[in-house]
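What follows draws every value from the coordinates through simple rules; no lab data is involved. Model, not experiment: these values are computed from the prediction. Cβ coordinates were reconstructed from backbone atoms using ideal geometry, including for glycine residues, and neighbour counts include every protein chain displayed.
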Amino acid sequence: MTILAKICGITDDVSARIAIDDSAGMLGFISFPKSPRHLDLERMAQLIANATSYTAHMNKKTQCVSVVVDPDDALLETIAQNVRPDLIQLHGHESPERVRHIRARFGIPLIKAISVESRADVLAAAPYEEVVEHLLFDAKPPKDATLPGGVGARFDWTLMEGYPSLRPWLLAGGLNPWNVAEAVSQSKAKMVDVSSGVERAPGLKDAALISQFLKAVKGL
Ligand SMILES: O=C(O)c1ccccc1N[C@@H]1O[C@H](COP(=O)(O)O)[C@@H](O)[C@H]1O
């Protein structure tokens, strides 16, 4: 079975190249000032342009994702005009109506993150199904967390069993090279997403861990 892996929270060209070389399906670039992985949009545009041309040069298929949290239209306009990602990931409390508006106005395929603690949270994703390219199921962050994701929190992967999705979805939250096989086996995910699990410190990606994660996924 081919499992697509997204490496999220990329902040430098070297990490992007390593992930592309090892056939990551997607790279994520974060715009959220409280995050140790935050990029200003100029830097994000540069990293995405570099990753996109390296992907083409290496004849790979890696897509670039801008990750935002409850963005207003002005931020999205700048991303659409200047950053030009393949997809935008909405990682806040965006309602289905807001997501529909964003898709219609900006025309960029979307990933909508859903915070999961219970089976009810998983099933509550249904209204987003028709407006997004992919859903991303991530653990509900701890109450005292300052970030909505990227904190290495995981949820009970068996909650995803038999989820009746129209489209392939991503499993996220606390994944790493050592647990991704079990996570896929329990959740039946066809796409996985990792950020802090391939870092040596918050915001500092580790080349060896990125390769190890992508090799673990390739072996499934
Ligand atoms: O990583 C961040 O700093 C971040 C900030 C704002 C929104 C989302 C963020 N990360 C997302 O969190 C998940 C899982 O992360 P982890 O593997 O548990 O560390 C991932 O999808 C990132 O896109």
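Could you say whether any residue in region 53-60 is of a type in the set (A, V, I, L, M) and crowded, with 20+ Cβ neighbours inside 10 Å? Give the steps one after another, and end with the answer.
The initial filter retains those residues of region 53-60 that are of a type in the set (A, V, I, L, M), namely 56, 58.
Restricting the remaining residues to those that are crowded, with 20+ Cβ neighbours inside 10 Å gives none.
Scanning region 53-60 turns up no residue that is of a type in the set (A, V, I, L, M) and crowded, with 20+ Cβ neighbours inside 10 Å.
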Quick check on my filter: what residues within region 22-46 are of a type in the set (Gly, Ala, Ser) and either more than 7 Å from the ligand (Cβ to nearest atom) or in a helix (DSSP H, G or I) (or both)?
SER23, ALA24, GLY25, SER31, ALA45
Read through the list (1) buried (at least 16 other Cβ atoms within 10 Å of the Cβ); (2) among the aliphatic types (A, V, I, L, M); (3) part of a helix (DSSP H, G or I), then give the number of the only condition that ALA208 fails.
(1)
Matching residues, region 130-155, being closer than 24 Å to VAL184 by Cβ, among the aliphatic types (A, V, I, L, M) and within 9 Å of the ligand (Cβ to nearest atom):
LEU136, ALA139, VAL151, ALA153
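In the set ALA216, ALA126, which member is surrounded by 17 or more Cβ atoms within 10 Å (Cβ to Cβ) and not basic (Lys, Arg)? I'd like the intermediate steps shown before the answer.
Values: ALA126 fails: surrounded by 17 or more Cβ atoms within 10 Å (Cβ to Cβ).
One residue alone meets the criteria, ALA216.
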May I ask you to list pairs of residues, at least six apart or on different chains, whose Cβ atoms are under 6 Å apart, with the first in region 163-180 being touching a residue at least 24 places away in the same chain (Cβ under 8 Å) and the second being within 12 Å of the ligand (Cβ to nearest atom) and basic (Lys, Arg)?
GLY173/ARG154; GLY174/ARG154
